[in-house]
Amino acid sequence: MAEVVNLITLEVGVKVFTTAGATIEIIENPKDGVWIFGKYTINPNDPSLVGTEEMFFAQDITEVLN
Amino acid sequence: MATARKPRSKSSNRNSLVDLESGVISREIFVNPEIYAQEQEQLFARAWLFIGHQSQISKPGDFFVSSMGEESVILCRDRQNEIHVFLNSCTHRGMKVCRYDEGNTPVFSCPYHGWSFATDGKLVGVPYFKDAYKETLDKSKWGLPEVAQVCNYKGSIWATWDKHAPSFAEYMGGFTTYLDFLLDTWDGAGGETEVFGGIEKWVIPCNWKFPAENFIGDRYHNISHRSVDMAGVGPSGVGRRDTTEREGATALDISFPERGHGTITFLRPDDKKTTSYQHSKIVSEYFAHCESERQKNYGKWARLLPGPSTVFPNMSYLPRQPRSIAVWNPRGANSHEAWRWFLIDKNAPPEVREFLRHYYITYSGPSGLTEQDDMENWNYAHNASQGVIARRHPYNYQMGLGFDGPPVVTDGLEMPGQIRNVTDAFAGEQNQRGFYQRWSEFMSAPDWDALATWRNGNGKSH
Ligand code: FES
Ligand SMILES: [Fe+2]
């Protein structure tokens, strides 16, 4: 099983990978361990979303990229 | 458990429980769980309640978890700088969405299944919204429940769940004249006041009405504080307050029976100079300066020295020494949670802050010697009133009933409220009777049309 990402420790600017195969850059972290605010930097499923902002659920984040 | 003597119908028995013509009140209203449950609906769900102070949420995203009756609520400032008060309970399955006392956050995320609410209360995050709900959940309908009305009055934040309640200004009536002494700066110049230190919270095993009726103007219990007066915890090292500033003043009990509020006030002679806060040079000079500015800014109103007060139903305050706010949050018929805020002028120098910090906690709160005296009375009174035999004997509120006090000479000061001169009598119970008159009205009135008695001029008084 992949290591569980601890959202609380992630700073703004860090990039993470999602279950949907997208890469997200963190723009705000409420540090509740449940959600982060991020912006798509890569989204193979829907490239039109790149640059848009959304909230991302902890269980959808699989990996920290940097 | 309710006893065999429990009331059966709401209104008829309520009137017999609170008999203000005779000045007697049944102990049932303090100890009976059924009456307590009715209070939550009739009173706490309809009245304006104190929530907190704007200085506790000065920046967008700031929040403070407060209480309205039994309910936990979140006071917060959203990203657009607007103040909100929400029920602190997730709309999905009820989990407390915020379990901190205060802080700053962009969202309140529920720890149970992860629903997340923005600082304006909107539901913004739903896990598996696409996969599990197929985006059919109408998020706009599932935000945090918000109070019907909120009001920022001179930095104090108030709210009500009842959209038919009158505005806060109408709810208060002329009582704001007295509340202002708490919320204004010491010099009355309109500067900023802030909450000082943390909020003290503690449980007192007695009904919430014991402290509410005490603070509304119980001069009679001065005897219980004799040991504190002997210890000299006051700001000049004598007594528990600076009573020299009250010398020669007329002692007034002021009641708003049609609204339930009440206060103790002293009206001092025009030329009276005050000597107070003789603790140290810096502190004395600071307060002497505030006092002379106060006299300039308030003019003839500076003659009023405000004392303990209660805003109906459960917010009490001490406007002067020590300057603080208390809320008596109901937690069952036999218990309540007392919360105490301390106020200070934002520009008070460090020495004054340090002195007041010490004075405040020596006087009030669980560590406060004066408050400990009070708590002991309320705890034991409540406990000794619970038995079936005890409940057969009503409490006595007959002091000053059936006769008037001496005339009040206000020299043109138009003081609102029902004013009673108790200088010679030393004490009276009109304020308590006013409080329970209003309590009875809340417990039986079907709606705010019936509760706004002042609109048709039929607010009667005792
Ligand atoms: S109870 Fe809050 S998300 Fe389920
Ligand atoms: Fe007291």
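The values are calculated or read from the model by the stated rules, or taken from the named source; none is laboratory data. Computed from a predicted model, the values in this text were never measured in an experiment. Heads up, the Cβs are rebuilt from the backbone with ideal geometry, glycines too, and the neighbour counts pull from every protein chain shown. With ligands, DNA and RNA removed, areas are computed over all heavy atoms of the protein, side chains included. Shrake-Rupley method; radii C 1.70, N 1.55, O 1.52, S 1.80 Å.
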>> Counting heavy atoms of the protein chains only and a 1.4 Å probe, report the per residue accessible area for the stretch B:49-149 as a whole number of Å².
In response: 46
> How much of the accessible area of chain B, in percent, comes from carbon and sulfur atoms when a 1.4 Å probe is used?
Replying inline: 51
> When the dipole is taken about the Cα centre of the stretch B:349-462, and only Lys, Arg (+1) and Asp, Glu (-1) are charged at their Cβ, what size is it in debye, to the nearest 20?
Replying inline: 440
>> Positive end of the dipole of chain B, charges at C-beta (+1 Lys, Arg; -1 Asp, Glu), about the Cα centre: which of B:408, B:207, B:319 has its Cα farthest in that direction?
In response: B:207
>> If I ignore ligands, DNA and RNA and count only protein heavy atoms, how much of residue B:270 is accessible to a 1.4 Å probe, in Å² to the nearest 10?
In response: 110
> Which loop-located GluC sites (Glu not before Pro) does the stretch B:88-181 contain, where loop means any DSSP state but H, G, I, E or B and the Cβ has at most 11 other Cβ atoms within 10 Å?
Replying inline: B:135
>> I need the shape label for chain B. Rule: rounded when a/c is under 1.5, else prolate if a/b > b/c, else oblate, with a, b, c from the alpha carbon gyration tensor.
In response: oblate
> Can you pull out the cysteines in the protein assembly as shown that have no other Cys Cβ under 4.7 Å?
Replying inline: B:76, B:98, B:151, B:206, B:290
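Within 10 Å of each Cβ of B:105-115, how many other protein chain Cβ atoms are there on average?
Mean shielding count: 4.
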> Cα centroids of the stretch A:15-59 and the stretch B:386-418: how far apart, whole angstrom?
Replying inline: 65
> What is the dipole size for the stretch B:154-281, taken about its Cα centre, with +1 at each Lys and Arg Cβ and -1 at each Asp and Glu Cβ, in debye to the nearest 20?
Replying inline: 360
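How much accessible area is lost when chains B and A come together, counting both sides, with a 1.4 Å probe, in Å² rounded to the nearest 100? It would help to have the intermediate numbers written out before the result.
Details: alone 19600 and 4120 Å², together 22830 Å².
Chains B and A together bury approximately 900 Å².
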>> Run the numbers for residue B:34 and residue B:22: contour at 0.36 nm per residue of separation, minus the present Cα-Cα distance, in nm.
In response: 1.9 nm
> In the protein assembly as shown, with Lys and Arg counted as +1 and Asp and Glu as -1 at Cβ, which of these residues, B:372, B:110, B:395, has the Cα nearest the positive end of the dipole, that is, farthest along it?
Replying inline: B:395
>> Under a Cβ-only charge scheme (Lys and Arg +1, Asp and Glu -1), can you give me the dipole magnitude of the stretch B:49-149 about the Cα centre, in debye to the nearest 20?
In response: 300
>> Test of understanding: what is the full-extension gain from residue B:288 to residue B:448, defined as 0.36 nm times their sequence separation minus their Cα-Cα distance?
In response: 53.1 nm
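Run lengths n ≥ 4 of DSSP H only: what is the helix-derived mean residue ellipticity at 222 nm for the protein assembly as shown, with -39500 (n - 2.57) per run over all residues, to the nearest 500?
About -6000 deg cm²/dmol.
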>> Based on alpha-carbon centroids, what's the gap between the stretch B:260-297 and the stretch B:104-129 in Å, whole number please?
In response: 48
> Hey, which of these cross-link pairs are over 22 Å Cα-Cα: A:31/B:201; A:39/B:130; B:96/B:122; B:273/B:300; A:31/B:96; B:154/B:346?
Replying inline: A:31/B:201
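Over the stretch B:49-149, what is the mean sequence separation of C-alpha contacts under 8 Å (at least six apart), divided by residue count, expressed as relative contact order in percent?
22
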> Got a sec? Which residues in the stretch B:184-212 would a label at residue B:381 touch, if it sits 7 Å along Cα→Cβ and we count backbone N under 17 Å?
Replying inline: B:204-212
> What is chain A by shape, rounded, prolate or oblate, if you read a ≥ b ≥ c off the alpha carbon gyration tensor as root eigenvalues and call it rounded for a/c under 1.5, prolate for a/b larger than b/c, and oblate otherwise?
Replying inline: oblate
>> Quick check: pseudo-label points 7 Å beyond the Cα along Cα→Cβ at residue B:351 and residue B:334, how many nm apart are they?
In response: 5.1
> Within the accessible area of the stretch A:7-64, what % is carbon and sulfur when the probe is 1.4 Å and the other protein chains stay in place?
Replying inline: 54
>> Give me a comma-separated list of calculated 3J(HN,Hα) values for the stretch B:308-323, in order, Karplus coefficients 6.51, -1.76, 1.60 applied at θ = phi - 60°, integers in Hz, x for any Gly or Pro.
In response: x, 8, 10, 8, 4, x, 10, 10, 10, 8, 10, x, 10, 9, x, 6
